[in-house]
Each structure stands twice: as C-alpha cells, then as structure tokens.
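Worksheet: one structure, shown below.
The values are calculated or read from the model by the stated rules, or taken from the named source; none is laboratory data. Not measured: the values here are computed from a predicted model. Here Cβ is always computed from backbone atoms with ideal geometry, including for glycine, and neighbour counts include all displayed protein chains. The area values use the complete protein model at the heavy-atom level, side chains included, leaving out ligands, DNA and RNA. Shrake-Rupley method; radii C 1.70, N 1.55, O 1.52, S 1.80 Å.
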Amino acid sequence: ESEHRYRSLVEQATDGILVADFQGNIIEVNSALCSMFGYSRQEIMLKKTRSFIEPEDLKLKPFRFDLLYKNEHILQERRAIHKNGSLFDIEMNSKLLREGLTLSITRDVSERKKAQEQIRMSEEKYRSFFEQSADAIFIFDKSGRFLDMNTISTRLLGYTKKELRKMSLFDVVFKEDLAANPIVLELLATGEAVIRRRTLKKKDGTPVEVEVHSKKLP
C-alpha cells in the first residue's frame, strides 16, 4: 500500500522527478519528466543524466555532488536538451536521497523565462521613452514622495536624482502657490487627470513657471 501511494504521488506530480546515482545512471523517472524531454520511459532509462543538459551549461555549472554529500539542497536553472534537439530552460532542485542516490525535481521554466524577458524588454522601452522625453517626468506615491524622475527633471530643478528621491512634491512648490492652489492627491487617487499651472522652486531658490499634467498610473 505504501509503495502504491508513493507511485501514485510520483506519477501524478506535474514536475519531473528523477532518481539517479552519482555515476549518472537513471534509477527512476515519472511520466512528467518523460513528457518534458520527449522520451519514453524505456528510452530515458538507457541514458545518463548529463545527456539531458547542454554541454556548455555543464562546463559552467558542473554537478555539485560534494554539496549533495553534505545534505545540501541544490537549486539551479539549466539549459536542457529535448529529444528533438531543441533547447529549453529548466529549474532543478536536487538533494541526497540516500547514499549513492540523488533526487531531482525538475520544472520547465521556459514560459517564465520568456515572460521575464518580455518584461525586461518592456522596461527598457519604458526607460528609453522616460529618459528621452523632452518634458520633465516625475513619478510619486500617494503621499507625494518622489519615487523616480527623468534627467530633464533634474535639469529643471537643479537637484540630483538622489536628492529628489528624498523629497516630495511639497518641497519643490512655493508655499504661496500651495496655499492658492493646493495639491489634490485625493482627486488623483480617483483616476482623474489634473492639469495645473504652478511655480516650482529650484534648488537655488529661483522660481520656474510650469504646466503640470498629473494622473494615476495603472
């Protein structure tokens, strides 16, 4: 009954499960791992664990059996080789099962890596637009504290980005301007766009007349 429950658990797992010895001989695998690499169970059992990892990846990150012997868990991302020769990204979590055997839980992270790359590219596009804008752009939180700004903003006010990140909207607007035309953060919080003409105070104390367009980010 115990063996049956174990087999059922292993076979129903969505992650690939592989048991091997320190020579790379495969002792056991589940169906998820077979599907992940495109092999039948019989085909996989005839292979060595290193045959599933890109050679260049193995050179950079060799298997650390010495750490496994110390009962340490090893979590690594690797470039894997599918049966059809294509490469894909996996995450391997390995541990010592018992003397001479290792257990590796393997997850296909290709989609996650693609999503991360798309986010990185999107951030690069945003940063490029942000920095190349001819207008000063400030990003601030709901209390008015500056979180980010572009280079034009620093030229406009005469502060460095490091200095501005310690300040808020209220530090760069003249008190007289604030009294006559209060900053309506509550209105921005509702999603309404706000346009105001203001007199900002530069670092040297001189005024600069600006038109400010503010709106809540998604």
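Relative contact order for segment 10-144: what is it in percent, counting Cα pairs under 8 Å that are at least 6 residues apart?
Across segment 10-144, relative contact order equals 21 percent.
Work out the charge dipole of the chain with +1 on the Cβ of Lys and Arg and -1 on the Cβ of Asp and Glu about the Cα centre, then indicate which of F174, N93, T14 is farthest towards its positive end.
Working it through, the farthest residue towards the positive pole turns out to be F174.
As a check on your grasp of the helix formula, calculate [θ] at 222 nm for the chain: sum -39500 (n - 2.57) over DSSP H runs of n ≥ 4, divide by the residue count, round to the nearest 500. Could the numbers behind the result be given before it?
Values: 10 runs with 79 residues, N = 218.
That comes out to -9500 deg cm²/dmol.
Kirkwood Rh over Cα pairs of segment 65-120 into Stokes-Einstein at 25 °C, 0.890 mPa s: D in µm²/s?
It diffuses with D of about 193 µm²/s by this estimate.
Got a number for carbon plus sulfur as a percent of the chain's accessible area, 1.4 Å probe?
Details: 7740 of 14160 Å².
That fraction is 55 percent.
Say the dipole of segment 1-111 comes from +1 at the beta carbon of Lys and Arg and -1 at that of Asp and Glu; which of S35, I105, N71 then lies farthest toward its positive end?
Comparing the listed Cα positions along the dipole, N71 ranks first.
Put a dot 7 Å past each Cα toward the Cβ at A134 and E186; how far apart are the dots in nm?
3.8
Taking a 26 Å limit on the Cα-Cα distance, which of the listed pairs K61/K83; K125/K202; K114/K142; K113/K162; K142/K175 fall beyond it?
K125/K202; K114/K142; K113/K162
For helix 110-132, what angle does its Cα long axis make with the longest principal axis of the chain, in degrees from 0 to 90 and rounded to 10?
20
Quick one, can you get me the convex hull of the C-alpha atoms of segment 163-218 expressed as volume per residue in Å³?
Roughly 90 Å³ of hull volume per residue.
Mean-square fluctuation check for the chain, GNM, Cα pairs under 10 Å: which of A13, A189, A80 is largest?
A189
For segment 56-62, take each phi angle, set θ = phi - 60°, evaluate the Karplus expression 6.51 cos²θ - 1.76 cosθ + 1.60, and give the result in whole Hz per residue in order, putting x for glycine and proline.
5, 5, 5, 5, 6, 9, x
Exactly which GluC sites (Glu not before Pro) in segment 99-174 are in a DSSP loop and have at most 14 other Cβ atoms within 10 Å? Write out the running numbers ahead of the final one.
Numbers: sites: E99, E111, E117, E123, E124, E131, E163; in loops: E99.
Counting only loop positions with at most 14 other Cβ atoms within 10 Å, the GluC sites (Glu not before Pro) in segment 99-174 are E99.
Give me the mean projected area, in nm² to one decimal, of the convex hull enclosing the Cα positions of the chain.
On the way: hull surface 77.9 nm².
If you wrap the Cα atoms of the chain in a convex hull and average its projections, you get 19.5 nm².
Quick one: if the Förster radius is 41 Å, what FRET efficiency do L101 and E123 give, using the C-beta to C-beta distance and rounding to 0.05?
0.45
Per 0.36 nm of contour for each residue apart, how much would the distance between L60 and D21 grow if the chain were fully extended, relative to their Cα-Cα spacing?
Gain on extension, L60 to D21, equals 11.9 nm.
Would you please state which residues of segment 173-210 a label at D141 would reach in this model, taking the label point 7 Å out along Cα→Cβ and a backbone N cut-off of under 17 Å?
Those under the cut-off are 185-186, 189.
Can you give me the angle between helix 2-12 and the longest principal axis of the chain, using Cα atoms only, in degrees from 0 to 90, rounded to the nearest 10?
50
Please build a GNM for the chain, connecting alpha carbons under 10 Å apart, and tell me which residue among R127, R196, R50 fluctuates the most.
Ranking R127, R196, R50 by mean-square fluctuation puts R196 first.
Charges only on Cβ, +1 for Lys and Arg, -1 for Asp and Glu: so what's the dipole of segment 1-86 about the Cα centre, in debye to the nearest 20?
Working: 13 positive and 13 negative charges, 55 e Å.
About 260 debye.
Can you tell which of I139, I17, I53 shows the greatest fluctuation in a Gaussian network model of the chain with Cα springs below 10 Å?
Checking each option, the largest mean-square fluctuation is seen for I139.
If you split all Cα-Cα distances of segment 104-202 into 10 Å bins from zero, what percentages do you get per bin, shortest first?
Result returned by the calculation: 13, 34, 29, 13, 8, 3, 1.
So if I place +1 on the C-beta of Lys and Arg and -1 on the C-beta of Asp and Glu, and nothing else carries charge, what would the dipole magnitude of the chain be about its Cα centre? I want it in debye, nearest 20.
In total the dipole reaches around 480 debye.
Could you report segment 125-218's accessible area per residue, 1.4 Å probe, as an integer in Å²?
Ligands and nucleic acids excluded, the figure is 67 Å² per residue.
Which whole-number value in Å³ per residue fits the convex hull of the alpha carbons of segment 19-62?
75
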